[in-house]
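**Student:** Before I ask anything, let me first share the structure, which is written out below as structure tokens.
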Amino acid sequence: MDLQQLINDCSAKQKKGLHFITASILIWMLITIVHLTDLNIEMKNILTFCCSAILFPAAWLASKWLKIDFEGKGNPLSKAGILFSVNQMLYILIAMWVFAAVPKKMLMVYTMIFGAHLMPFSWLYDSKSYLFFSIAVTIGALIIGLFFPPWVLAAVMIVVEVVFSLCLRAECKNINK
């Protein structure tokens with residue numbers, strides 16, 4: 001297979017990572033709930049990190065529900081997808097620093113990291129949606145995070161992730177044509 005065939009195969013079998021984006025809807029719901037509580041900001045931030053811990057189990061369940069090949073077996077580009085995801089863990093160190101230095105802005109930085117990490121997937125899945133949402137989430141998180149409380153940003157992310165999921169579903173329908 002040439003590179004474009006591998007990209008097309010990865011996009012089709014993994015439905016452009018729809019299971020991860022669908023799982024992230026649940027995570028953003030949990031983060032919104034956390035930030036609507038009366039807990040202090042440090043505890044909210046710790047719980048935000050904890051909410052993210054369910055990503056892989058939730059994505060695995062979503063892959064079963066959506067009939068997606070979770071591991072992308074047989075396609076060497078699946079390893080790139082794992083690398084793109086794990087790379088985000090290094091950037092979370094920035095959010096951890098913000099947690100200590102400017103706790104009220106931690107969710108904003110966390111969201112910007114989330115948005116930015118989507119960009120390489122635009123190449124992996126040959127997806128305009130990933131490119132658009134990578135830029136929109138990163139810039140939108142900065143703007144919303146500067147002017148609104150964290151719970152607003154988290155709530156907006158629920159809507160963004162739902163729309164993103166719908167865009168990916170539309171892209172997946174075009175793969176099969």
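**Student:** Among the listed residues VAL160, VAL156, identify the single one that is closer than 17 Å to LYS16 by Cβ and either among the hydroxyl-bearing types (Ser, Thr, Tyr) or in contact with a Gly (Cβ under 8 Å, 6 or more places away or on another chain) (or both).
**Tutor:** From the options VAL160, VAL156, the qualifying one is VAL160.
**Student:** Which one is nearest to the chain's Cα centre (by Cα), of the residues in the stretch 52-65 that are surrounded by fewer than 17 Cβ atoms within 10 Å (Cβ to Cβ) and of a type in the set (A, V, I, L, M)?
**Tutor:** Taking the candidates together, the pick is LEU55.
**Student:** Still on this structure, I have one more. Of all residues in the stretch 99-152, which are touching a Ser or Thr at 6+ places or on another chain (Cβ under 7 Å), among the hydroxyl-bearing types (Ser, Thr, Tyr) and either open to solvent by 50 Å² or more (accessible area, probe 1.4 Å) or in a helix (DSSP H, G or I) (or both)?
**Tutor:** TYR110, SER122, TYR130, SER134
**Student:** Residues that are closer than 25 Å to ASP9 by Cβ, hydrophobic (A, V, I, L, M, F, W, C), in contact with a Lys or Arg (Cβ under 6 Å, 6 or more places away or on another chain) and in a helix (DSSP H, G or I): does the stretch 166-177 have at least one? Steps first, answer last, please.
**Tutor:** Within the stretch 166-177, the first condition is being closer than 25 Å to ASP9 by Cβ, and the residues that meet it are 166-177.
Those left that are additionally hydrophobic (A, V, I, L, M, F, W, C): 166-168, 170, 172, 175.
Still in the running and in contact with a Lys or Arg (Cβ under 6 Å, 6 or more places away or on another chain): 168, 172.
Within this subset, residues satisfying the condition of being in a helix (DSSP H, G or I) are 168, 172.
Looking through the stretch 166-177, at least one residue is closer than 25 Å to ASP9 by Cβ, hydrophobic (A, V, I, L, M, F, W, C), in contact with a Lys or Arg (Cβ under 6 Å, 6 or more places away or on another chain) and in a helix (DSSP H, G or I).
**Student:** Among the listed residues GLU42, GLU71, identify the single one that is open to solvent by 30 Å² or more (accessible area, probe 1.4 Å), of a type in the set (D, E, K, R) and farther than 28 Å from TRP151 by Cβ.
**Tutor:** Numbers: GLU42 fails: farther than 28 Å from TRP151 by Cβ.
When all the criteria are applied, what remains is GLU71.
**Student:** If I ask for residues that are open to solvent by less than 50 Å² (accessible area, probe 1.4 Å) and either closer than 18 Å to LEU118 by Cβ or assigned to a helix (DSSP H, G or I) (or both), which ones from the stretch 75-98 would you list?
**Tutor:** LEU77, SER78, ALA80, GLY81, PHE84, SER85, GLN88, ILE92, ALA95, VAL98
**Student:** Since LYS15 meets every condition but one in (1) under 18 Å from the mean Cα position of the chain (by Cα); (2) open to solvent by 40 Å² or more (accessible area, probe 1.4 Å); (3) in contact (Cβ under 8 Å) with a residue 60 or more places away in the chain; (4) over 20 Å from LYS173 (Cα atoms), which condition does it not meet?
**Tutor:** (4)
The values are calculated or read from the model by the stated rules, or taken from the named source; none is laboratory data. All values reported here derive from a predicted model rather than from experimental measurement. In this analysis, Cβ positions are derived from the backbone assuming ideal geometry, glycine residues included, and neighbour counts consider all displayed protein chains. Accessible surface areas use protein heavy atoms only, side chains included; no ligands, DNA or RNA. Shrake-Rupley method; radii C 1.70, N 1.55, O 1.52, S 1.80 Å.
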